[in-house]
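Student: Here it is, the structure in full.
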Amino acid sequence: MAYTLQQLSDMEEIKVLKHRYFRAIDTGDFAALPALFTQDIDCTYNGGTYKVSLKGRDAMVEFLSNSFHSGALAMHIGIMPEVAVTGDNSATGIWYLQDVFIDLEKDDHTFGTAIYTDTYRREGGTWKIASTYYDRVIEVLTKFSLTNGRPSVQRLATTGRKPEERTDISKLIHWDS
């Protein structure tokens, strides 16, 4: 299939958008998050032991800001993007995710992979995430202390929300027993 120069440019802008999302959550750059999402973003994360359902940019930013807190370490790598421009201001994307999340306060270590399915909308000339959904492919849960490791660098310790700054997001998460 032949692509127009505009389609190729749009696809590249969308790839950069998704990379900014991963970098913002891993580094605690929560000021950058609102510009990445539409006001009416719809989000579902289906994990092995949890389901998160969010509607709206404020809920999305609040959830992410509290999840990637000062007691956490995170790494998200989005690879193999399949981006399709579906209209002048609309597009879809499928991404393969590999992630590591460590919550030092709970001694939890999650390693996983997932398939993200996104929709994007161009607003005011800028591509934004309009919906995002993932289903886990692999999720491995262990206690971090069992690895006998210790973090020598933990950026979220300085950039993430401290315990006294966090808000209750339990209403957004359904945990399986």
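The values are calculated or read from the model by the stated rules, or taken from the named source; none is laboratory data. It should be emphasised that the depicted structure is a prediction, and the values quoted were computed from it without experimental measurement. Every residue, glycine among them, receives a Cβ derived from its backbone with ideal geometry; neighbour counts consider all protein chains shown. Protein only, heavy atoms only, side chains kept; ligands, DNA and RNA dropped before computing areas. Shrake-Rupley method; radii C 1.70, N 1.55, O 1.52, S 1.80 Å.
Table: residues versus (1) at negative phi; (2) of a type in the set (Val, Ile, Thr).
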| residue | (1), (2) |
| --- | --- |
| Arg20 | yes, no |
| Leu33 | yes, no |
| Tyr50 | yes, no |
| Gly56 | no, no |
| Val83 | yes, yes |
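Student: If the requirement is being hydroxyl-bearing (Ser, Thr, Tyr) and part of a loop (DSSP other than H, G, I, E, B), which of these qualifies: Thr167, Thr110?
Tutor: Thr167
Student: Would you confirm whether or not region 59-69 contains a residue that is exposed (fewer than 14 other Cβ atoms within 10 Å of the Cβ) and of a type in the set (Asp, Glu)?
Tutor: Step one: of region 59-69, the residues exposed (fewer than 14 other Cβ atoms within 10 Å of the Cβ) are none.
No - not one qualifying residue is present in region 59-69.
Student: Return only the number of the condition from (1) in contact (Cβ under 8 Å) with a residue 40 or more places away in the chain; (2) open to solvent by 20 Å² or more (accessible area, probe 1.4 Å) that Gly125 does not satisfy.
Tutor: Exception for Gly125: condition (1).
Student: Given the criterion surrounded by 17 or more Cβ atoms within 10 Å (Cβ to Cβ), modelled with pLDDT of 95 or more and not in a strand (DSSP E or B), identify the matching residue among Ile41, Ile14.
Tutor: Going through Ile41, Ile14 in turn, just one is surrounded by 17 or more Cβ atoms within 10 Å (Cβ to Cβ), modelled with pLDDT of 95 or more and not in a strand (DSSP E or B): Ile14.
Student: Looking only at region 133-177, filter to residues that are farther than 19 Å from Glu105 by Cβ, touching a residue at least 60 places away in the same chain (Cβ under 8 Å) and among the hydroxyl-bearing types (Ser, Thr, Tyr); which one of those is least open to solvent (accessible area, probe 1.4 Å)?
Tutor: Tyr134
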